[in-house]
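**Q** Have a look at this one before I ask anything.
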Amino acid sequence: MKPRAFWEMVLGAGRSGRWTMVLSALLLLDGWPCGRAYGQEMITAGDVMMTQLIQIQEITKIYYLGDDVHLTALDRVSVSIDPQEFVAIMGPSGSGKSTFMNIIGCLDKPTQGRYLLDGTDVGLLNSDQLADIRNRKIGFVFQGFNLLSRTNAIENVELPMLYNGVHAKQRNERAMNCLALVGLKGREHHHPNQLSGGEQQRVAIARALVNDAPIILADEPTGNLDTKTSVEIMNLFVKLNQESKISIILITHEADIAQFGKRIIRFRDGKIISDEAVKK
Ligand SMILES: Nc1ncnc2c1ncn2[C@@H]1O[C@H](COP(=O)(O)OP(=O)(O)OP(=O)(O)O)[C@@H](O)[C@H]1O
Ligand SMILES: [Mg+2]
């Protein structure tokens, strides 16, 4: 995902709010124009208790490319994911992995089918409510880190909390705690260009954790990292899954990386072709 799309979709709510100008100014300072707005309303309707965290029911995603040309990226996919699972998603390029992840992350809507996120029917939510549920339930980690280059590690981690209107002192405390959790104590004031690739990804993981979301979605998070650093990052995901009870759904092309999960779902041509537990 491109950085601009990341910030617009993950953090952007498509509405006005007092943090809009703050965040837009930060993004503009960093050279990333941002046309979306922020707000603070919380949704409550339909936010009910459920045992399954993610229920994907017969979801199809069709991209219409004009003049009767269309592409079926996902074809009647059904799957459920429980709290505290660690799922690796695999499959060839173009098989629908990122499309699936974007739908789970409420970044994209399916053409058909139903998606329940922690009991909420995501298809019934408007864009403000979608932004809100995304902010509360999901942290995102991508291959390219998507850090703002002109802000330090703490400020990068604080950004998602601007949306929630968390007080400055508390923002700072939570960011420091998350940076410590990912092993970056002492690096809080470093800018991205003063950090290694693995450290930058740790900052991105801290940013994904800072709102206490129960789910982390990671699209090829080790794609830009060497083998040793990839293993370190995967061990961090394992720790977050086991100790902090965070559900992790992670796309990877590498079989070794998928083995860090507890379950592997494989896609081919927009369909799930296998779904099995990892033998440890
Ligand atoms: N916005 C879009 N418009 C049109 N087609 C798209 C769009 N996004 C994805 N596709 C197509 O949908 C199919 C699935 O794409 P997707 O990005 O989900 O694949 P992927 O499994 O993540 O692949 P990779 O491993 O290369 O990242 C591909 O054929 C892709 O070309
Ligand atoms: Mg992809």
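**Q** List, please: which pairs have Cβ atoms under 6 Å, are six or more places apart or on different chains, and start with a residue in the stretch 177-196 that is without any contact (Cβ under 8 Å) to a residue 40 or more places away in the chain and end with one that is outside any helix (DSSP H, G or I)?
**A** Correct list of pairs: Cys178/Val210; Leu179/Glu188; His189/Asn152.
**Q** Follow-up. Six or more apart or on different chains, Cβ atoms under 6 Å: show the pairs whose first residue is in the stretch 134-158 and farther than 20 Å from Gly186 by Cβ and whose second is among the β-branched types (Val, Ile, Thr).
**A** Lys137/Ile215; Ile138/Ile215; Gly139/Ile216; Phe140/Val10; Val141/Ile205
**Q** Any residue in the stretch 56-71 that is within 12 Å of ligand 1 (Cβ to nearest atom) and closer than 18 Å to Leu250 by Cα?
**A** Looking for residues that are within 12 Å of ligand 1 (Cβ to nearest atom) and closer than 18 Å to Leu250 by Cα, one finds none in the stretch 56-71, hence no.
**Q** Please list, ordered by first then second residue, the pairs with beta carbon atoms under 9 Å, 6 or more apart or interchain, first in the stretch 91-103 and on the phi < 0 side of the Ramachandran plot, second within 8 Å of ligand 2 (Cβ to nearest atom) and among the hydrophobic types (A, V, I, L, M, F, W, C).
**A** As it stands, the answer is Lys97/Ile251; Ser98/Ile251; Phe100/Ile251; Met101/Ile251, since those pairs meet every condition given.
**Q** Can you tell me which residues in the stretch 136-164 are out of contact with any Leu (no Cβ under 8 Å at 6 or more places or on another chain) and not in a loop (DSSP other than H, G, I, E, B)?
**A** Arg136, Phe142, Glu158, Met161, Asn164
**Q** While we're here: Ala175 fails exactly one of the following numbered conditions: (1) surrounded by 22 or more Cβ atoms within 10 Å (Cβ to Cβ); (2) under 16 Å from the mean Cα position of the chain (by Cα); (3) of a type in the set (A, V, I, L, M, F, W, C); (4) in a helix (DSSP H, G or I). What is the number of that condition?
**A** So Ala175 meets the others, but not (2).
**Q** Kindly list the number of the only condition in (1) closer than 26 Å to Glu254 by Cβ; (2) out of contact with any Phe, Trp or Tyr (no Cβ under 8 Å at 6 or more places or on another chain); (3) within 16 Å of ligand 1 (Cβ to nearest atom); (4) modelled with pLDDT of 95 or more that fails for Glu85.
**A** That leaves (3) as the condition not met.
**Q** Across the stretch 80-97, which residue is nearest to Ser244 (Cα to Cα) among those that are surrounded by fewer than 21 Cβ atoms within 10 Å (Cβ to Cβ) and of a type in the set (S, T, N, Q)?
**A** Gln84
**Q** Output the qualifying pairs, or none if there are none: Cβ atoms under 7 angstrom, residues six or more apart or on different chains, first residue in the stretch 247-259 and more than 28 Å from Asp212 (Cβ to Cβ), second residue among the aromatic types (Phe, Trp, Tyr) and surrounded by 15 or more Cβ atoms within 10 Å (Cβ to Cβ).
**A** Between residues of the stretch 247-259 that are more than 28 Å from Asp212 (Cβ to Cβ) and residues that are among the aromatic types (Phe, Trp, Tyr) and surrounded by 15 or more Cβ atoms within 10 Å (Cβ to Cβ), there is no close pair.
**Q** What is the residue count in the stretch 250-276 for residues that are closer than 12 Å to Pro221 by Cα and either surrounded by fewer than 21 Cβ atoms within 10 Å (Cβ to Cβ) or in contact with a Gly (Cβ under 9 Å, 6 or more places away or on another chain) (or both)? First the steps, then the outcome.
**A** Of the residues in the stretch 250-276, the ones closer than 12 Å to Pro221 by Cα are 250-254, 257-258.
Add one more test, that the residue is either surrounded by fewer than 21 Cβ atoms within 10 Å (Cβ to Cβ) or in contact with a Gly (Cβ under 9 Å, 6 or more places away or on another chain) (or both), and what stays is 250-254.
Final tally of qualifying residues: 5.
The values are calculated or read from the model by the stated rules, or taken from the named source; none is laboratory data. None of these values were measured; they are calculated from a predicted model. In this analysis, Cβ positions are derived from the backbone assuming ideal geometry, glycine residues included, and neighbour counts consider all displayed protein chains.
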